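See below for the structure under consideration.
The values are calculated or read from the model by the stated rules, or taken from the named source; none is laboratory data. Computed from a predicted structure; not experimentally measured. Don't worry about glycine lacking a Cβ; one is built from the backbone with ideal geometry, like all the others, and counts go over all protein chains shown. With ligands, DNA and RNA removed, areas are computed over all heavy atoms of the protein, side chains included. Shrake-Rupley method; radii C 1.70, N 1.55, O 1.52, S 1.80 Å.
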Amino acid sequence: MGETSTPIDSILNKESNSNNTPIESFINHKADTGMQCGNYSIDIPELKEGEQYRFHFDLTACVGCHCCEAACNEQNGNDADVKWRRVGEMEGGTFPNVSQLFNSMSCNHCIDPACLNGCPTESYIKLDNGIVFHEDESCIGCQYCTWNCPYEVPVMNYDRGIVTKCHMCVDKLEVGETPACVQACPAGAINIEVVNKEQWLNEDMNKEAIAPHLPDTSITKPTTRYTVPENMDEINYKPADEHITKPAHSELPLVFMTVLTQMSVGGFVALFFGELLTMFGFNNLASANYILAAFIILPALIGLPLSALHLGRPLLAHTAMKNWRKSWLSREALALAIYAGSTIGVILCYYFEINSILTLLILLSLGSGLYGIYAQSMIYRIAARPSWNRESTTKRFLASGYLGLILVAFILTAQGYGSSAMAILSITILGAAYQVLVIFEEKVFYKYLGNKETNYYQLNKTKTLLENNFKSHLKIRFNTLVGFGIILPIIATIFLANGNINIASIILAISLLGSTISELIGRYLFYVTVVPLGLAGNFFAGNQRGRDYKEGSH
């Protein structure tokens, strides 16, 4: 296997043929090559129209010393677990002809940054010099950008309650000083450059933004330029941590919030169809009333405030609606807020018998609720999280509405409207059966997952988590769904047909509780089994959102 000469090799060769000391040799080498490392000042041309700053990283020079990480943390006052720059390790070859590569990565200051597009509070700014800058003051710590970024660059600072990230030491650049990572690298592997964005997108990006195991450049159009070994295609480099598969953060507040809001909207769909049937002359069915509507909105009123527990700065939760033009999270927050408000209006109309605006409020609640759950699913349909970025995510979120149908059937039964409850239960069983089908489709997908599949590396790790780490959870989830979501409603329907309302009420109460637990387990699995794209071989930072599984964090 051919060997590639590194800058350090070049220095050593020159030193052996001269009388200079190592320090003198290194100073001469820096002068000859224009290396930026070790310099307190930097000479970069002024930006022209259509240009921006970027990083250049030389994989052939990096020795994996992590000096860049340390310098970045020291410069920005970050704790050890808040890394704006991380070093990943890859290995290749066959013993004894083995090879190592290190990739030091901070923000790629993308041309189409996913963090900026998805941020609900518009806390990201693309500066005129191309740097993607995070505005700390407006950040609510929702961490959506940490999901959206395919490089896992933004990182939550739990002490401050906000997300933070690399800003290329913009304050230093503006006065002609070198960014901390560039200054600290002993091998001169990191440099700052100017790039013409149009030329980069049309000609160079798909050739020079490529390094082993990095995400597809089309996702965010990163600007970092890489120098890679000439023989890279001959060696099958693998992430040094490929043998490690660990669960992601459980996001428990979101587990409860998503399930409860989906239950509520499902219940309102049942209320709407009941009103529709009454309109078409089905007068033997129960009419909607304020008690039923109150029980329908109750899960949403519990779930929505719970979502604030996910935030680093929960008192600023209301600002999450700001970026509704671009962010699915903002759209979800706005739609579900409208749903909650209009449904409360529906309750008041029933109570005070105000019929003039009732229909309008019912339609508003129905539309905003359904759109809110759809937007909720689209929050997770992101390229950076392959196991979430599937149609099954939207299907399972909408299908969870069957819980609301069970809730409505239970309330109607308790009120003595057995025939109306039976009508609802027939739809309930279909909804739960569809959820079973969604789970079955997913099982089939992972069973026949092939290495030709896009993002196979991440999806295969998700498969490992589902089939090994959480095998018992998955089995319980499936069995409880069938038992509590299908079998018990069928039994309840039989008792209702026989006029045994009290027994049917008890059965439906058990069905509602068991089905809710089943959906909570399913949603928990949804969060903990996701494996994101990111920096390969990132031992020391890993999944920066995986705090659930750090020692002593429970």
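The residue list E453, E467 contains one member that is charged (D, E, K, R), free of Cβ contacts under 8 Å to residues at least 12 places away in the same chain, open to solvent by 60 Å² or more (accessible area, probe 1.4 Å) and touching a helix residue (DSSP H, G or I) at 6+ places or on another chain (Cβ under 8 Å), which is E453.
This table checks each residue for (1) over 24 Å from H167 (Cα atoms); (2) touching a residue at least 40 places away in the same chain (Cβ under 8 Å); (3) in contact with a Gly (Cβ under 7 Å, 6 or more places away or on another chain); (4) open to solvent by less than 50 Å² (accessible area, probe 1.4 Å).
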position	(1), (2), (3), (4)
E198	no, yes, yes, no
E208	no, no, no, no
P215	no, yes, no, yes
Y226	no, yes, no, yes
E230	yes, yes, no, no
E234	yes, yes, no, no
Y237	yes, yes, yes, yes
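What tally of residues in segment 250-283 results from selecting those that are assigned to a helix (DSSP H, G or I) and open to solvent by less than 50 Å² (accessible area, probe 1.4 Å)? Residues in segment 250-283 being assigned to a helix (DSSP H, G or I) and open to solvent by less than 50 Å² (accessible area, probe 1.4 Å): 22 in total. Screening segment 36-150 for strands (runs of 3 or more DSSP E) wholly inside it with 1 or more residues that are touching a residue at least 40 places away in the same chain (Cβ under 8 Å) returns the ranges 51-58, 86-94, 97-105.
Is it the case that segment 519-532 has a residue that's closer than 15 Å to K83 by Cβ, of a type in the set (A, V, I, L, M) and at pLDDT 80 or above? No: segment 519-532 contains no residue that is closer than 15 Å to K83 by Cβ, of a type in the set (A, V, I, L, M) and at pLDDT 80 or above. Is one or more of the residues making up segment 163-181 without any contact (Cβ under 8 Å) to a residue 40 or more places away in the chain, open to solvent by less than 10 Å² (accessible area, probe 1.4 Å) and within 23 Å of the chain's Cα centre (by Cα)? There is no residue in segment 163-181 that is without any contact (Cβ under 8 Å) to a residue 40 or more places away in the chain, open to solvent by less than 10 Å² (accessible area, probe 1.4 Å) and within 23 Å of the chain's Cα centre (by Cα).
Taking the criterion of being open to solvent by less than 30 Å² (accessible area, probe 1.4 Å) and in contact (Cβ under 8 Å) with a residue 24 or more places away in the chain, the residues of segment 348-365 that qualify are I362, S365.
Quick one: is I424 open to solvent by less than 70 Å² (accessible area, probe 1.4 Å) and part of a helix (DSSP H, G or I)? Yes, satisfied. Remark: L437 falls outside the filter, which requires a residue to be open to solvent by less than 60 Å² (accessible area, probe 1.4 Å), hydrophobic (A, V, I, L, M, F, W, C) and either at pLDDT 95 or above or outside any helix (DSSP H, G or I) (or both). In segment 475-501, the residues that are within 30 Å of F526 (Cβ to Cβ) form Cβ pairs under 8 Å with partners that are of a type in the set (F, W, Y) and buried (at least 19 other Cβ atoms within 10 Å of the Cβ), at six or more places apart or across chains, as follows: G485/Y402.
Given the conditions (1) modelled with pLDDT of 95 or more; (2) open to solvent by 20 Å² or more (accessible area, probe 1.4 Å); (3) of a type outside the set (G, A, S), which single one is not true for K550? Only one criterion is unmet by K550, namely (1).
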